[in-house]
Each structure stands twice: as C-alpha cells, then as structure tokens.
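First the structure, in the form of structure tokens, and then the observations on it.
Nothing in this text is a laboratory measurement; each read-out follows from the coordinates by a stated rule. Quick caveat, the model's predicted, so the values are computed rather than measured. Glycine gets a Cβ as well: all are built from the backbone with ideal geometry, and neighbour counts include every protein chain shown.
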Amino acid sequence: MSTLDTQYIELMAAAASAKAAEEQGHITTGALPQFGMNWGLFQYQYDGRPYIKASCSHCRQFWTTGQLELTIAHCGQVDSMPEDLRDRLEALQIKLGIRVQSFVEKIIGGSSPVKQAVPGPSLASF
Ligand SMILES: [Zn+2]
C-alpha cells in the first residue's frame with residue numbers, strides 16, 4: 001500500500017471516529033453534552049497541509065491550527081490538544097516535509113518546522 005493510501009485511510013478514520021463520537025454524544029444524552037470537545041486531524045484541500053481542528057458542541061466555537069500545541073479557553077475551562085493527535089500531526093508533517101527531524105531529535109523525540117524562504121519582490125528579476 002502506498003504512503004498516500006495509508007494517509008488517506010488514517011484521515012478518513014479520524015473523520016469517521018469524530019463523526020461517530022459526535023453522533024454518539026447526541027444519542028446518549030438526548031441533548032448537547034455540557035463539554036463536548038471534538039478533536040480531529042484534517043488536511044487542507046488546496047495544498048494538503050495537515051491541521052488539527054477542535055470544536056466544542058457546547059459553545060459551538062471551533063479552532064484550527066497547524067502547530068503542535070493548542071490550548072483553548074472556553075466554556076469556563078481550558079482544553080489542550082490530545083497527545084495522540086499531536087503525535088499524528090507531527091508524524092504527518094514530517095512525512096510531508098513540512099517539519100524536519102534532526103538525528104538527535106529522532107533519538108530524544110521532537111522536530112522543527114522547516115524554515116521557509118519568504119519570496120519577496122526581487123529587483124534582480126526586472
Ligand atoms: Zn466551549
């Protein structure tokens with residue numbers, strides 16, 4: 001199976017479980033759970049960059065980030081990105097070349113975003 005297939009299945013599974021969790025919440029309570037946080041890993045259609053989306057079924061707000069950390073204060077509480085989701089985002093970013101892992105980082109864990117050259121107007125092109 002190709003890497004892309006695996007990623008696709010991974011993403012679909014994440015979307016499906018998020019949906020299942022949402023539906024389950026509605027079925028079991030018959031009303032919105034008081035603190036219904038849904039977290040998921042998605043990819044932008046236009047460039048394939050992965051991002052984390054969090055939504056709260058109580059205050060109906062949602063948040064997205066491509067960073068490995070997200071802490072949200074809402075509904076009188078503070079929620080942080082689940083660790084397993086953070087790991088999956090990091091792994092996907094490394095796979096896609098958005099994030100790099102040095103030799104040392106591979107051993108001790110961790111990674112760094114790729115430093116992107118900012119394309120600016122260049123006089124040399126005129
Ligand atoms: Zn909320």
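Some notes on this structure:
- Additional length obtainable on full extension of the chain from Cys59 to Val78, 0.36 nm per residue less Cα span: 5.5 nm
- The H on the amide N of His74, modeled in the peptide plane, is under 5 Å from the matching H of Asp79, each at least 5 residues off or on a different chain.
- Cβ-defined net charge surrounding Lys106, 13 Å radius [Lys, Arg +1; Asp, Glu -1]: -1
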